[in-house]
Amino acid sequence: MITPLSVADPHAAHPISIISLINSILKHRQLIVQLAKREVVGRYKGSFLGMTWSFFNPVFMLVVYTFVFSVAFKARWGAGDDEGQVQFALVLFVGLMVHGFFSEVLNKAPTLVLNESNLVKKVVFPLEILPLVSVFAALFHCAISFGVYLIAMFAFAGYLHWSVILMPVVFLPLLVLTIGLAWILSSLGVYLRDASQTVGIVTSVLMFMAPVFYPVTALPESLRGWLLLNPLTFIIEQSRDVLIWGRLPDWVGLGAYMLIATLVAWVGYVWFQKTRRGFADVL
């Protein structure tokens, strides 16, 4: 449990302005980092390999998917030569990496406040940073997976596209969107206890309704537009462009995505701040 800071009125109003959000993040940035570090370390606490599991997990995942899809199923993303086998595994890994970050945050979001109910009733604590802590912890695991991809790409292909440096730019809109959704779900999880089970189903569906295991071109043109409604589709495609194919991202599309993501994040923050006044009544 998190150490209490001081007694607070759980029904007090909370600021909803962008300035208040920025001030809260800056004021509690060290606390966010410490809690994220605690969450990451706590996940592997007591295990024999400890933090090294954060590296071996994506490595094992890459090896398994390479064998299953490239060797057993003879699947190809493009060309049918031996290089295509490895390429399929790397293309698949990029999609799983993006989905893994998104699902890790959202699946945990509904229980963030529930698991820290003492912070709601008894202490002054910036509850709005809890989703941020979860996002940064998931971002750490995503960064490890990204490192595994870079090693695998260089080992199998012998080179890296210069466009890999643009991956943070491509990933930023999804990061902002995920934070906004985490604020909304962490609040809903307090009032709707079935939210965690529902979110788990939704994130699984989103994986199969995104081009993780297949290219967008594999679908009929009449269905491709519907696939873009999935928030993961565009980011997965852009990630593959800069990591796998060495292309520049769609700047206009990223800009539009960022605007929508910022709006969702803002709505999520306002929703969280408005609804947190009732947390103490139901916990």
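The values are calculated or read from the model by the stated rules, or taken from the named source; none is laboratory data. Computed from a prediction, not measured in an experiment: that's the story for all the values here. Cβ: placed from backbone, ideal geometry, glycine included. Neighbour counts: every protein chain shown.
Does any residue of the range 137-159 turn out to be over 14 Å from the mean Cα position of the chain (by Cα) and on the phi > 0 side of the Ramachandran plot? Yes, because at least one residue in the range 137-159 is over 14 Å from the mean Cα position of the chain (by Cα) and on the phi > 0 side of the Ramachandran plot. Listed conditions (1) surrounded by fewer than 21 Cβ atoms within 10 Å (Cβ to Cβ); (2) in a helix (DSSP H, G or I) are all met by residue 193, apart from (2).
If the condition is being assigned to a helix (DSSP H, G or I) and crowded, with 18+ Cβ neighbours inside 10 Å, then the range 117-129 contributes 119, 120, 127, 128, 129. Of all residues in the range 245-269, none satisfies the criterion of being surrounded by 17 or more Cβ atoms within 10 Å (Cβ to Cβ) and farther than 19 Å from residue 174 by Cα. Each residue in the range 133-167 was checked for being closer than 19 Å to residue 35 by Cα and either crowded, with 21+ Cβ neighbours inside 10 Å or touching a residue at least 12 places away in the same chain (Cβ under 8 Å) (or both), and 11 pass.
Among the residues of the range 35-58, just one is out of contact with any helix residue (DSSP H, G or I) (no Cβ under 9 Å at 6 or more places or on another chain) and either at pLDDT 85 or above or of a type in the set (S, T, N, Q) (or both), namely 52.
The selection criterion, being closer than 25 Å to residue 57 by Cα and in contact with a helix residue (DSSP H, G or I) (Cβ under 8 Å, 6 or more places away or on another chain), does not hold for residue 125. Within the range 230-241, is there a residue that is polar (S, T, N, Q) and over 19 Å from the mean Cα position of the chain (by Cα)? No, that holds for no residue.
Within the range 210-224, does at least one residue satisfy the condition of being among the polar types (S, T, N, Q), assigned to a helix (DSSP H, G or I) and surrounded by 14 or more Cβ atoms within 10 Å (Cβ to Cβ)? No, the range 210-224 contains no residue that is among the polar types (S, T, N, Q), assigned to a helix (DSSP H, G or I) and surrounded by 14 or more Cβ atoms within 10 Å (Cβ to Cβ).
On inspection, residue 109 does not qualify as modelled with pLDDT of 90 or more, in contact with a Leu (Cβ under 6 Å, 6 or more places away or on another chain), buried (at least 21 other Cβ atoms within 10 Å of the Cβ) and more than 30 Å from residue 282 (Cα to Cα).
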